[in-house]
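Notes to accompany the following structure.
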Amino acid sequence: MYVISKAAAADCIEHYSQEHGIQAIVLRLPPVYGYGPHLEIYKDGRPLKTGFEIFIENAAAGKPIEIWGDAKKGRDIVYVKDVASAITLALESPDATGLYNIASGRPLSLEEEVKGIIRVFSPNGCRSQIIYRPDKPNSLKPFLYDIAKAKRDLKWSPLYSYEEMLRDYKREMESGKFKFLLAKKERTHRK
């Protein structure tokens, strides 16, 4: 359903561009990371913590972290603050048109993801150990987006490296400023 609705929206934008001559911009996003009230995914209608959130919780507690499947397999991700800056630049650009990939432009392996989380979230003197489990499958689909067009047309590049994103994520988490959103979501789940 997600892919169908996404493709339909892009088709509508292209239609209105062709039919009415309006500026049409579509931003294609990989997984977007950011702290907030979306720390889970839904499977079969039930909330499930993401692997990312489980890694962070385990690292913060100094617990071991298991990497399932091929630890070298990677994908492109982007920080929500970089997405926001890309949206702003796209809206302000009088010449931008068409499809733009908004991503980091580099693959991040599962192993790099976990090692970054351990560096940022593990307490000093109590670093999480990595347990490699190649025998257990993971559902990670490797991919990489080319962001050259966004760099050229929008003059956009991601500002946050993966580890800078993690440090900022941790600051936002510790600040408590989004606690009301998390509490609101928790009340909704109980109903």
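Go through region 125-152 and count every residue that is touching a strand residue (DSSP E or B) at 6+ places or on another chain (Cβ under 6 Å) and of a type outside the set (D, E, K, R).
10
Suppose the filter is in contact with a Gly (Cβ under 8 Å, 6 or more places away or on another chain) and either modelled with pLDDT under 95 or among the small types (Gly, Ala, Ser) (or both); does Pro107 pass it?
Values: in contact with a Gly (Cβ under 8 Å, 6 or more places away or on another chain): yes; either modelled with pLDDT under 95 or among the small types (Gly, Ala, Ser) (or both): yes.
The answer is yes for Pro107.
Here's a check for you: in region 53-72, which residue that is closer than 21 Å to Ser161 by Cα and touching a helix residue (DSSP H, G or I) at 6+ places or on another chain (Cβ under 6 Å) is surrounded by the fewest Cβ atoms within 10 Å (Cβ to Cβ)?
Only one residue fits best here, namely Ala60.
For Ala150, are the conditions met, namely being under 29 Å from Ala10 (Cβ atoms) and surrounded by 17 or more Cβ atoms within 10 Å (Cβ to Cβ)?
Here the answer is yes, as Ala150 does meet what is asked.
Only one of (1) within 21 Å of the chain's Cα centre (by Cα); (2) under 30 Å from Gly176 (Cα atoms); (3) exposed (fewer than 13 other Cβ atoms within 10 Å of the Cβ); (4) of a type outside the set (D, E, K, R) fails for Gly45. Which number is that?
(1)
Of all residues in region 55-98, which are within 20 Å of Val120 (Cβ to Cβ), over 15 Å from the mean Cα position of the chain (by Cα) and of a type in the set (A, V, I, L, M, F, W, C)?
Hits for region 55-98 are Ala59, Ala60, Ala61, Ile65, Ile67, Ala71.
Looking at region 19-42 only, could you name the residues that are over 25 Å from Ser85 (Cβ atoms) and at pLDDT below 90?
Correct list: Gly21, Glu40, Ile41, Tyr42.
Among the numbered criteria (1) within 22 Å of Gly74 (Cα to Cα); (2) touching a residue at least 60 places away in the same chain (Cβ under 8 Å); (3) surrounded by fewer than 19 Cβ atoms within 10 Å (Cβ to Cβ), which single criterion is violated by Ser93?
For Ser93, the failing item is (1).
The values are calculated or read from the model by the stated rules, or taken from the named source; none is laboratory data. Remember, predicted model here, so these are calculated numbers, not experimental data. For neighbour counting, all protein chains shown are included, and Cβ atoms are generated from backbone atoms with ideal geometry for every residue, glycine included.
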